[in-house]
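The structure appears right after this line, and notes come after that.
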Amino acid sequence: MTIQRNGNCFQAAIQTYRELAFSYPRAFIVHGTPLGRGPDNLDKRYWHAWVEVKDPDRGWLVIDRSNGLNVALPRGEYYTRGRLHGGMIFRFTGQQAAVEIHRRDHSGPWVDNWESYDETVTADDASGTV
């Protein structure tokens, strides 16, 4: 998979996690491979990052503040809009993210061999609990 580093999604996900982790104890930094819509990546998978939080009233929400966005959607809706079904999803706790940032000296993606990553779930499993 070609890694694209356009935009600020990985940095934005880390910052968003830091802002929300105290209010949402069940929060994750998520790296995934949506299916592109734009002219440069139409129907091609690319790396993206966002935050998922478990809201006691609304269930799992995706918060995406990358590239000037301020998106807060139910996880299933975000995955459908982002065409994540069939893509790969990697969830990291704050502690796991801190280790990866220290080890790699960058904000993501952190999966070297994504096809064999232990914690992989497909986007089709997104309705389950984490």
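Can residue 72 be described as under 15 Å from residue 92 (Cβ atoms), modelled with pLDDT of 95 or more and not basic (Lys, Arg)? Give the steps one after another, and end with the answer.
Numbers: under 15 Å from residue 92 (Cβ atoms): no; modelled with pLDDT of 95 or more: yes; not basic (Lys, Arg): yes.
Here the answer is no, as residue 72 does not meet what is asked.
Go through region 50-70 residue by residue and tally those that are under 18 Å from residue 32 (Cβ atoms) and in contact (Cβ under 8 Å) with a residue 12 or more places away in the chain. Steps first, answer last, please.
Filtering region 50-70 down to residues under 18 Å from residue 32 (Cβ atoms) leaves 50-54, 60-67, 69.
Imposing the further condition that a residue be in contact (Cβ under 8 Å) with a residue 12 or more places away in the chain reduces the set to 50-54, 60-67.
Selection size over region 50-70: 13.
In region 32-71, how many residues are more than 21 Å from residue 108 (Cβ to Cβ) and small (Gly, Ala, Ser)?
1
Of the numbered conditions (1) in contact with a Lys or Arg (Cβ under 7 Å, 6 or more places away or on another chain); (2) touching a residue at least 60 places away in the same chain (Cβ under 8 Å); (3) not basic (Lys, Arg), residue 29 satisfies every one except a single condition; which is it?
(1)
Taking into account only those residues within region 22-60 that are among the small types (Gly, Ala, Ser) and at pLDDT below 95, which is surrounded by the fewest Cβ atoms within 10 Å (Cβ to Cβ)?
Out of the qualifying residues, it is 38.
What pairs come out if I take residues in region 90-105 that are within 11 Å of residue 28 (Cβ to Cβ) and pair them with residues that are of a type in the set (S, T, N, Q) and surrounded by 12 or more Cβ atoms within 10 Å (Cβ to Cβ) whose C-beta lies under 8 Å away, six or more apart or interchain?
Listed by first residue and then by second, the contacts come to 90/120.
Looking at region 1-22, I want the residues that are within 11 Å of residue 63 (Cβ to Cβ) and of a type in the set (S, T, N, Q) and have a partner that is crowded, with 16+ Cβ neighbours inside 10 Å and at pLDDT 95 or above with Cβ atoms under 7 Å, at least 6 apart or on another chain. Which pairs are those?
Filtered contacts from region 1-22: 16/51; 16/63; 16/65.
The values are calculated or read from the model by the stated rules, or taken from the named source; none is laboratory data. Everything numeric in this text was worked out from a predicted model, so none of it was measured. Positions of Cβ are backbone-derived with ideal geometry, glycine not excepted, and every protein chain shown enters the neighbour counts.
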